[in-house]
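The values are calculated or read from the model by the stated rules, or taken from the named source; none is laboratory data. Remember, it's a predicted structure, so these values are computed and weren't measured experimentally. Cβ atoms come from the backbone with ideal geometry, glycine included; neighbour counts cover every protein chain shown. We work out accessible area using only protein heavy atoms, side chains counted, and drop any ligands, DNA or RNA first. Shrake-Rupley method; radii C 1.70, N 1.55, O 1.52, S 1.80 Å.
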Amino acid sequence: MDDESLEEWAARRDRRRPTRGERRITPLGDQPEQGSHVNPDAPRGIQEWDGHQWVPAGVTDDLAAAIGEVGDDATRRAERVPLPSFDKLPPLPEPWRPTERFHRP
């Protein structure tokens, strides 16, 4: 494994972290988080990143209103996700072959 300097690690971490003031949509209630297509008429909470944590910033009536309130923050957040580079895939393992030939008596 290649060693990464602390400065490179910190720069990589900062690229992934949200920017101050960025907003995201979260479902309200006791249900676990699900996809946004599940129950789009349910109320949604809006959270804002203050530099250290996500804090509540507001509540909307449904998913459409929440998307209008958040704007392009979701798109910018998706652009920060690093995609794998396909030239760094591990080599294909050799197929398993028995070490001794087996002959039926």
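In table form, for the structure just shown:
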{"quantity": "Any chance I25 is touching a strand residue (DSSP E or B) at 6+ places or on another chain (Cβ under 6 Å) and of a type in the set (A, V, I, L, M)", "calculated": "yes"}
{"quantity": "G68 vs. criteria touching a residue at least 12 places away in the same chain (Cβ under 8 Å) and either touching a helix residue (DSSP H, G or I) at 6+ places or on another chain (Cβ under 7 Å) or open to solvent by less than 100 Å² (accessible area, probe 1.4 Å) (or both)", "calculated": "no"}
{"quantity": "Sole residue being at pLDDT 85 or above and within 30 Å of R12 (Cβ to Cβ), chosen from D87, D50, D72", "calculated": "D50"}
{"quantity": "Enumeration of residues in the stretch 1-41 that are of a type in the set (A, V, I, L, M, F, W, C) and open to solvent by 60 Å² or more (accessible area, probe 1.4 Å)", "calculated": "M1, L6, W9, L28"}
{"quantity": "Some residue of the stretch 8-26 being at pLDDT 80 or above and hydroxyl-bearing (S, T, Y)", "calculated": "yes"}
{"quantity": "In the stretch 54-81, the residues that are closer than 13 Å to T19 by Cα and touching a strand residue (DSSP E or B) at 6+ places or on another chain (Cβ under 9 Å)", "calculated": "W54, D73, A74, R77"}
{"quantity": "Where a residue in the stretch 6-21 is closer than 20 Å to D72 by Cβ and its partner, wherever it lies, is small (G, A, S), with Cβ under 6 Å and at least six apart", "calculated": "R20/G51"}
